[in-house]
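Contents: one structure, followed by commentary.
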Amino acid sequence: MRQFVVGLLVLAFAWWGCSRWSGAPVNAGGDAARGSGAPAPTGSLDQVLGRGTANTPAPPPAVAPSIGPSSTGALDARPVPAEVAPADVEDLMSRVAGGDAASRSTAWQLLATKGLGDQRRRVVDGLLVPTDDFATMFAALGSDNACLHSPEGRAACGKVLAAALQLPDAESIAATSNLLGLCVRGRIEKGDTEVRAFVDKAYSQHLVRVDRWLCDPANVARARSYTIERGDSLASIATRFRAQGAVLESGTLALLNRIHNPNAIAAQQKIKVPIDPIVAVLEKRSFALALYVGDHLLRLYWVGHGENDKTPVTEFTVTEKQPRPEWTAPNGERYPYGHPKNILGEYFIKFRHERYTGFGAHGTPMPETIGTMSSAGCIRMLAPDIEELFRILPRGAKVQVRCTESIR
């Protein structure tokens, strides 16, 4: 009799354990893992986007156990992205419909997460605008490049790019300059291959108009016309205009006038001298260095910069340009040009600042570090890019360093 009772207890315990594990599926991931309709945990916009308020860090995402061995043999606990509450989505999209730019950027950020679930279509429909007008579509992209981090956002950017390319050259180059400026305003990691590919495509199409319109010597918009005299060189012309306050050099004039051989200029040839300043802008979070003449994007480069954010957010001035530079290491050791331990490459563009010293832009023997924070603080560039920048960027030009966040 005693054995019979014990047997019944064992069977009952086994039945209870089996029903416990089979009756409630484990939530180990996204929609597919939720199986038979178990609701996803909801969270606030800040929680889903992984950001906190100014004083309070965002709470951690909901965590559910997933069955499987870990390094310790215990059950793994993997974070499950919380879905934003429907009421919060409704409130956000009502502000988007009201024209709030910050809310629009937040909505694009949400699309780059897995926190929308069944509400994704609602957000997409609220962000897309039924028009082919460039200005309207461009405004709909928000204030940073969060729109590039989702398939729907990249498709919207593609439509904006197509509309910009249909405009007359003068308007088109302004439009694509604005679009590319937006595209690098915010985070782009080295592994964001689809984002980088879109930027590269847009930039290559922008360059067609740069060469055709911005670098046309007959186009003297925002420029002065100059007739070359006998005995002139681009260097002497640049020196003459620098004495009048212009910040340019012979390489600047060569690029803006499509002069491929500076020694082949001729008397009576007309060139243009820009009125607008040449300015370089480093966006740290996208690892992009943009070169502008006035408001028009002239060149765009992928770069590396300071490890652990050592490159300060500030404004530098180009003070010196050194070909075949020697390098002084942080420990004080000096290595001449060509030495295996000289990391500067062929060119060094030195920056001046009243507080920060030792900063500049240079080449690198480690091209794999482009797109990363890996230098002692300088801007690292690929060899062809630093060679071109060395020619174009004049002494006295400003170099602005920005750190625009978008998604996390």
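The values are calculated or read from the model by the stated rules, or taken from the named source; none is laboratory data. Since the structure is predicted, the reported quantities are computational estimates derived from the model, not experimental observations. Every residue, glycine as well, gets a Cβ built from its backbone with ideal geometry; the counts of neighbours run over all protein chains shown.
Just a few scattered comments:
- Every test in (1) at pLDDT 95 or above; (2) of a type outside the set (D, E, K, R); (3) assigned to a loop (DSSP other than H, G, I, E, B) is passed by residue 345 save one, and that test is (1).
- Within the stretch 85-117, considering residues that are out of contact with any Pro (no Cβ under 7 Å at 6 or more places or on another chain) and touching a residue at least 60 places away in the same chain (Cβ under 8 Å), the one surrounded by the fewest Cβ atoms within 10 Å (Cβ to Cβ): 117
- For residue 368: the one exception among (1) touching a residue at least 60 places away in the same chain (Cβ under 8 Å); (2) assigned to a helix (DSSP H, G or I); (3) of a type in the set (Asp, Glu): (1)
- Residue in the stretch 180-192 that is farther than 25 Å from residue 214 by Cα, buried (at least 22 other Cβ atoms within 10 Å of the Cβ) and over 14 Å from the mean Cα position of the chain (by Cα) present: no
- A residue that is closer than 28 Å to residue 159 by Cα and not small (Gly, Ala, Ser) occurs somewhere in the stretch 215-231.
- Only a single criterion out of (1) without any contact (Cβ under 8 Å) to a residue 24 or more places away in the chain; (2) crowded, with 22+ Cβ neighbours inside 10 Å is not satisfied by residue 120, namely (2).
- On inspection, residue 230 fails the criterion of being in a loop (DSSP other than H, G, I, E, B) and touching an Asp or Glu at 6+ places or on another chain (Cβ under 8 Å).
- Residue 142 assigned by TED's automatic domain parsing to the domain that holds residue 97 and on the phi > 0 side of the Ramachandran plot: no
Every residue, every condition in (1) at pLDDT 95 or above; (2) over 26 Å from the mean Cα position of the chain (by Cα), yes or no:
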| residue | (1), (2) |
| --- | --- |
| 72 | no, yes |
| 88 | no, yes |
| 91 | no, yes |
| 109 | no, no |
| 113 | no, no |
| 137 | yes, no |
| 142 | no, no |
| 157 | yes, no |
| 165 | yes, no |
